[in-house]
Structure formats: C-alpha cells, structure tokens
Amino acid sequence: MKLMESERVVKAMTKMISRLSMKNLSAILRLADLLIRDEKYRPILRSFRSYVEEGHPATKLIEKVLYELAPNVRFRVIYNLFILGLLYGTQKRDEILKKEGFRPPLFFVISPTMRCNMRCYGCYSGEYEKDFGLPTDLIDRVLTEAEELHIHFVTISGGEPFLRTDLLDLYEKHRDIIFQVYTNGTLITDEVAKRLAELGNVAPMISIEGFEEITDKRRGKGHFKLIMDVFDRLKKYGVLFGASIMQTRENYLEISSHEFARLLVEKGVSVIWYFQYIPVGLNPDVSLMLLPEERDEIRRRLRVIRNTYPIFLCDFWNDGAYIDGCLAAGREYFHINANGDVEPCVFVHFAVDNIKEKSLKEVLLSPFFKGIRANQPFSDNPLTPCMIIDNPSALRELVRRYNARPTHDGAESIVNELGPFLDNYSKTYRRIADRTWNEEYCS
C-alpha cells in the first residue's frame, strides 16, 4: 500500500474511534487488514478477529476498552497502541528496514531512576545507584527519536517511576506514545489517578505477589490492602491498568490460581505480566527460582487462566512459542537503564553503548546488538528462548565476543560463578520443554 493510501486508512480508522462499538468493530479490523503487509503479522490479526467472532473471554476485555475507560484513555489505547504502534507503525518500521538496513523494535524499556521508596527482596533494581537518574532533557530526546522511528509503545521501569514528577509532563508532551509504567503503586493518589485519566496514554502496572500474606511478607504489612485501594482508584477514574507479578517457588501456585485471577478481574485489572525470578543483581538468591518442573506447571496453569478470564496475560519466559523466542537487543525491545547504559534486556545487565553518547539508531546498529540478533533464536525450541536461564552459554559467548561491560556491581556473576548452576538448570528444563513442545505444540 502506498503512503498516501495508508494515511487515508489511518485517518478513516481514527474517525471511527469515537463511535466504535462491538457491533462495528469488524469494520475497523477490515481497515486494519489493509495496513498489514507482512505475512508474519496477518495471522495475529486473524486470530484477533476470530476471538471477536467466537466470543472468546478476551472479547470482554475489548468491551472494557470501549465502554469502561475514560474517553482520553480509550482514544489513546486504540490510536497510540493499535493504530500507530501495531498497524501503521509496523508498516513504517518495515520501510525503515528496507531503506536503512535495520528494523526499529515495537517498543523499549527505559528506567529514568533506580530510586525507590521500598526495598523488596529479589528485586534487581535494589542494587543500582540511587542518584537522580536520567536527565529530563535526555529522556525527552530519546522519546522524540522513538517517535521518528515509529515506536509508539514505551515501558517505564525503575526504581519507582512516580518519584519523578517530571515524567508526567513528558507523557503529556509525547501524547502519541502509550506509556506502560511499572510501579509499586504507593504514590498513585487520587490526584495522580485523575491526571492519568486526563492524559490517557499512561497505563500503570502495579506490582503484587499474590494474596495478602505473601504480598505483605515481601513488601511490608498493609501493602496488599494499599494495592487493592489503588486498583479501586484507577478503576473509578477509568484508567487502563494491570498487575506485575514475579514468579517464585513461594508463590507460583497462588498466583496461577483461579481465585487470584478472579480477584484481579473483579478489581478491574486488564493486563497481567508474569516474570520468573532470574538470579541477577548483587548476591542473587537462586532458591527463589522456579524448579524446572514448577516452571512447566505454571505454564500449563496460566494457559488455562488466559483462556478463561477477560484479561491480557503474558508469561515470561514461557510464552516464547507466541513470539518466536527472544525479543532482546532490538529485535522487538531493549532497555536503557538509569545510567544511560543500553542493555539488550532488562535482565541482561551488560552494555557496550550509552544513550548519552549515541542515538537510538546508532545503538540499534551497534555490533553488540546486531551480533545478538544474528544469533536469535538461541534455541530451536521456542519454549527455551532466554539467553540467561535457557541458553547461558550463548550469553557468555556474546558478552565475551563484544567485550560487554557489567552495568552494576555483581552483574558479572551471571556469566561467572553462576555458570555451572545455569548450565545444569537449562539442560534439565530443556528435557521437559522438548517433551512439552512435541506433545502440546507440534501435534
């Protein structure tokens, strides 16, 4: 499709947002099909259309976007994420690939600060420097470059991002970007919730560990009730929000239960991000890691949750089958930490470049990132996508080959003293994953 035709389609879709309903959703999906040229993305759109036609539980999530969110939130979710980010943006990023030899990723993560008003065990961010972090003008520059590369989805991490009040003004300035903000939720007051509803392009992802006992154990007495209040507040003002959960041996059954899923849905949660504990940071605790068989069990349990409740659920790293393995190093995302170091992944704490010295384009074209992308996927089994816990020898080789430096004290342990443990872990899980792949995904 020519550029002028694409722009006309985008304008037509944008005009439909204000009157979009479940009844005319198929019309905007037909327009979406006109923008998708790459065959690898067409099945995704077709699956989405089939969900709508078949009445999949995910359809209820679409209804929430259409009927329950604040007007500005509704518009920005559909326009920024769906139209600019996924549809029109995909076409434009493909054009950049043809012209300049690299394809910008769908999104990236940036940590403006590592300061936090809490200190939770098992959190890698607790080991970083606690200075101010990235200057406001630098973040502004990075976001401008992102828009020029047609990246309209940016994740804000930390530290606790809401300690940086200047970020709210940046969200407003870059209104065509949808910002997903990982937060402990403690600073989301009524005033902040109202501002988020007015902005429309900010979706908080609140950290939670499970029910009250285990959440308060990690985050402090009373924290679970505080989170429940924050959920109620965000729902009241029509903000799109979600939950961020770290899987450990202590909570994996609880957080994958029907009871817990029902609680989150009732509270208005639309998105759940599940992250397995990975032994990174200073003095990592491998006892928190899921055993290989536990990792497979939570994968099975979360598939049931995904197909039962109206919620968007991502299970890292068990969802490799849906994204063709590792996304790191700019294949579809990367991480800029609070010192400006550009890391392949939020959990791979090694870097060669710093965003203070280079542009996003230069970083994406760096030998380190290009070398990682050239080695993806790291495994022929998408259930073993990660270069830390599934393919640790690949991480060690890439760090060595490109002389990547650790980005904080203790980061090098993942490629040094933890090497034998991770080699054994990956081999044990690979046996389970190979059997699972053949029985559940290839049959």
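Observations on the structure shown:
- Inter-residue pairs, beta-carbon under 9 Å, first under 21 Å from Asp176 (Cα atoms) and of a type in the set (Lys, Arg) and in the stretch 55-82, second at pLDDT 90 or above and assigned to a helix (DSSP H, G or I), 6+ apart: Arg76/Leu199
- Residue in the stretch 418-433 that is open to solvent by 70 Å² or more (accessible area, probe 1.4 Å), within 20 Å of Phe347 (Cβ to Cβ) and touching a residue at least 40 places away in the same chain (Cβ under 8 Å) present: yes
- Inspection of the stretch 258-276 finds a residue satisfying the criterion of being of a type outside the set (Asp, Glu), open to solvent by less than 20 Å² (accessible area, probe 1.4 Å), over 21 Å from Pro57 (Cβ atoms) and touching a strand residue (DSSP E or B) at 6+ places or on another chain (Cβ under 9 Å).
- Thr186 vs. criteria among the β-branched types (Val, Ile, Thr), within 22 Å of Cys120 (Cβ to Cβ) and open to solvent by 20 Å² or more (accessible area, probe 1.4 Å): yes
- Hey, Phe231 among the aromatic types (Phe, Trp, Tyr) and open to solvent by 60 Å² or more (accessible area, probe 1.4 Å) or not: no
- Checking Phe334, Phe368, Phe312, Phe378 one by one, the residue that is out of contact with any Pro (no Cβ under 9 Å at 6 or more places or on another chain) and aromatic (Phe, Trp, Tyr) is Phe312 and no other.
- Only listed residue being acidic (Asp, Glu) and touching a helix residue (DSSP H, G or I) at 6+ places or on another chain (Cβ under 6 Å), chosen from Asp319, Asp341, Asp296: Asp296
Residue-wise test of (1) under 30 Å from Leu66 (Cβ atoms); (2) touching a Leu at 6+ places or on another chain (Cβ under 9 Å).
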residue	(1), (2)
Phe241	yes, yes
Ile245	yes, no
Tyr252	no, yes
Ser256	yes, yes
Ile278	no, no
Leu282	no, no
Asp296	no, yes
Asn307	yes, no
Cys314	yes, no
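- Residue list for the stretch 322-340, filter: open to solvent by less than 10 Å² (accessible area, probe 1.4 Å) and modelled with pLDDT of 95 or more: Ala328, Ala329, Gly330, Phe334, His335, Ile336, Asn337, Ala338, Gly340
- So Lys64, is it modelled with pLDDT under 70 and either under 21 Å from the mean Cα position of the chain (by Cα) or outside any helix (DSSP H, G or I) (or both): no
- Tabulated pairs, the stretch 250-275, first at negative phi and of a type outside the set (A, V, I, L, M), second assigned to a strand (DSSP E or B) and open to solvent by 10 Å² or more (accessible area, probe 1.4 Å), C-beta under 6 angstrom, 6+ apart or interchain: Trp273/Ser244; Trp273/Cys314; Phe275/Met246; Phe275/Phe316
- Residue match in the stretch 278-287 (condition: under 25 Å from Phe108 (Cα atoms) and at pLDDT 95 or above): no
- Cβ-Cβ distances below 8 Å connect the following pairs, each with a first residue in the stretch 341-369 that is open to solvent by less than 20 Å² (accessible area, probe 1.4 Å), a second residue that is among the aromatic types (Phe, Trp, Tyr) and at pLDDT below 95, and a separation of six or more residues or different chains: His349/Tyr124; Leu364/Phe102.
- All of (1) surrounded by 20 or more Cβ atoms within 10 Å (Cβ to Cβ); (2) at pLDDT 80 or above hold for Ile96 with one exception: (1).
- Taken over the stretch 403-443, the criterion of being touching a His at 6+ places or on another chain (Cβ under 9 Å), over 13 Å from Asn283 (Cα atoms) and assigned to a loop (DSSP other than H, G, I, E, B) is satisfied by Thr407 alone.
- Within the stretch 256-273, the only residue that satisfies the criterion of being of a type in the set (Lys, Arg) and part of a loop (DSSP other than H, G, I, E, B) is Lys267.
- Residues (assigned to a helix (DSSP H, G or I), hydrophobic (A, V, I, L, M, F, W, C) and farther than 22 Å from Arg295 by Cβ) located in the stretch 203-255: Phe224, Leu226, Ile227, Met228, Val230, Phe231, Leu234
The values are calculated or read from the model by the stated rules, or taken from the named source; none is laboratory data. Just so we're clear, the structure is a prediction, and the values are computed from it rather than from any experiment. Heads up, the Cβs are rebuilt from the backbone with ideal geometry, glycines too, and the neighbour counts pull from every protein chain shown. Areas reflect the complete protein model, heavy atoms only, side chains present, ligands, DNA and RNA absent. Shrake-Rupley method; radii C 1.70, N 1.55, O 1.52, S 1.80 Å.
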